[in-house]
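K.L.:
Quick one: the structure is below, and I'll ask about it shortly.
No value in this document is a laboratory result; all are computed from the given coordinates. Note that the structure is predicted; figures quoted are calculated from it, not measured. So basically every Cβ, Gly included, is an ideal-geometry build from the backbone, and we count neighbours across all protein chains shown.
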Amino acid sequence: MLDFSRLPIFIFASIILLLTPGPAVLYIIARSIDQGRAAGLVSVLSVEVGNFFHAVAAAFGLSALLLSSATAFNIVKYMGAAYLVFLGIHKLFSKTTQTQLTMMEPQKLSRVFSQGVTVAVLNPKTALFFLAFLPQFVDRSKGQIGLQLFMLGSLFMLMAIISDGTYALLASSARQWLKSHSQVWLAERYVVGFIYIGLGIAAALAGQPK
């Protein structure tokens, strides 16, 4: 079972990450601006289907390793924390162009769904994110590491559907305004970057797992 004492921290960290417009959110916003509400919501569903694949893969791939020894657990946690800091630094120096937000080729909804799933499944950064993020909230002493990882990943996906769906609805409702004010989203890299760095540092300083 999950360590419920860590669950509020996991939920809080997840909400902060989900509310900041990362690459998946920008893709959903762009699709919503270009093709409207239906395409935006289909994009949300497709991205989360692809991301769920990574969550399941992380649960099965990490469970045996984290059960093997406390040393392996520590290595995974600290490597994950370092990777989160790396993501933050990389994000600070990246740029989102206006073209990325407003210029997307219109697609049929079936094509939007298959494209979103494919993009999410084939994105190695998503897999690395789950490998880095989920173990920070696992209690090795409670056993069933794979189940804990799966439950955390599933909870993250449910929250992602809600937050990304909200972005899709807002973006589709403000299509014309966003097309003329896309510079609003250009500063997102600073917000996202510092959040990733902060989360990584917090994870590294959280102390030894049980």
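K.L.:
Ordered by packing density, taken as the mean number of other Cβ atoms within 10 Å over each peptide's residues, highest first, how do 28-35, 148-155, 162-169 rank? Could the numbers behind the result be given before it?
P.N.:
Details: 28-35: 24.4, 148-155: 20.4, 162-169: 18.2.
Peptide ranking by packing, descending: 28-35, 148-155, 162-169.
K.L.:
Simple spin-label model, 7 Å along Cα-to-Cβ: residue 190 to residue 142 in nm?
P.N.:
Taking the simple label geometry, residue 190 and residue 142 are separated by 3.9 nm.
K.L.:
Determine, for 173, 46, 14, 141, the number of other Cβ atoms within 10 Å of each Cβ, and report the residues in order from fewest to most.
P.N.:
Working: 173 14, 46 24, 14 20, 141 9.
The most exposed by this proxy come first: 141, 173, 14, 46.
K.L.:
Report the extension gain between residue 111 and residue 4 in nm, rounded to one decimal, defined as 0.36 nm multiplied by the number of residues separating them, less their alpha carbon distance.
P.N.:
Details: separation 107, 0.36 × 107 = 38.52 nm, distance 4.02 nm.
Going from the current span to full extension adds 34.5 nm.
K.L.:
Let me ask something else. Describe numerically, in nm with one decimal, the distance between label points set 7 Å from Cα along Cα→Cβ at residue 90 and at residue 12.
P.N.:
Distance between label points: 2.8 nm.
K.L.:
Please check which bits of the range 119-159 a label hung off residue 60 would reach, taking the label as a point 7 Å along Cα-to-C-beta and the cut-off as backbone N under 17 Å.
P.N.:
Only 121-122, 127-128, 130-131, 145-154 fall inside the zone, counting backbone N under 17 Å.
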